[in-house]
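Report on the following structure.
The values are calculated or read from the model by the stated rules, or taken from the named source; none is laboratory data. Everything numeric in this text was worked out from a predicted model, so none of it was measured. Neighbour counts are summed over all protein chains in view; Cβ atoms, including those assigned to glycine, are modelled from backbone coordinates with ideal geometry.
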Amino acid sequence: MRISSPDPIPRAERDFLLQHTDATETDFAPERLRENRVEVMASTELLDAQAIESALTTKEVAKRLGVSDGAIRQRLKQGKLYAAGTDSSGRQHLFPMWQFSDQGLFPTLRRSSAPFRTTTTRQMSNTS
């Protein structure tokens, strides 16, 4: 896997990090930034795999929430639910468990999922 050169960090952000964290000038060397990018990508892949592994299908979410499969798809389009992708058949969306409680959907998810809405809509058009 080839990692492109990291984007330079704006001077103001660099100065802030140097002043308010334990970061050093060495942390901003191009090689170090590439290493960090590779580490973040690996961590992201691992977390995505874990989310998919424990995810619920559309049918399982519908049963858990006591609604139809269509209602789940509608909530997904509205950004009220987040899907991490689809199963191997491409027919069932996979919903990470972190958005559900024993009583159903976490009540604060609607507010906290706002940043996902654009991504979710894009995923829907790419995976449907």
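Looking only at the stretch 68-77, count how many residues are within 20 Å of the chain's Cα centre (by Cα) and without any contact (Cβ under 8 Å) to a residue 24 or more places away in the chain.
4
Would you say Lys63 is of a type outside the set (Phe, Trp, Tyr), more than 29 Å from Glu13 (Cβ to Cβ) and part of a helix (DSSP H, G or I)?
Yes: the conditions hold for Lys63.
Go through the stretch 65-87 residue by residue and tally those that are modelled with pLDDT of 80 or more and under 22 Å from Leu47 (Cβ atoms).
Residues meeting the conditions: 8.
Collect the residues in the stretch 94-107 that are assigned to a loop (DSSP other than H, G, I, E, B) and either of a type in the set (Asp, Glu) or at pLDDT below 85 (or both), keeping them in residue-number order.
If the condition is that a residue be assigned to a loop (DSSP other than H, G, I, E, B) and either of a type in the set (Asp, Glu) or at pLDDT below 85 (or both), then Asp102, Gln103, Phe106, Pro107 are the ones that fit.
Results for (1) within 22 Å of the chain's Cα centre (by Cα); (2) assigned by TED's automatic domain parsing to the domain that holds Phe106; (3) loosely packed, with under 15 Cβ neighbours inside 10 Å; (4) of a type outside the set (Asp, Glu), shown as yes or no for each residue.
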position: Leu18; (1), (2), (3), (4): no, no, yes, yes
position: Phe28; (1), (2), (3), (4): no, no, no, yes
position: Glu35; (1), (2), (3), (4): yes, no, yes, no
position: Asp48; (1), (2), (3), (4): yes, no, yes, no
position: Gly66; (1), (2), (3), (4): no, yes, yes, yes
position: Gly85; (1), (2), (3), (4): yes, yes, no, yes
position: Arg91; (1), (2), (3), (4): yes, yes, yes, yes
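What residue, among those in the stretch 66-93 that are among the small types (Gly, Ala, Ser) and not in a loop (DSSP other than H, G, I, E, B), is nearest to Pro8 (Cα to Cα)?
In this case the residue turns out to be Gly85.
Six or more apart or on different chains, Cβ under 7 Å: which pairs go from a residue in the stretch 27-48 that's under 20 Å from Arg14 (Cα atoms) to one that's assigned to a helix (DSSP H, G or I)? Could you list them?
Phe28/Arg14; Arg32/Thr26
Is it true that Thr57 is more than 18 Å from Leu105 (Cα to Cα) and free of Cβ contacts under 8 Å to residues at least 60 places away in the same chain?
Spelling it out, it is not the case that Thr57 is more than 18 Å from Leu105 (Cα to Cα) and free of Cβ contacts under 8 Å to residues at least 60 places away in the same chain.
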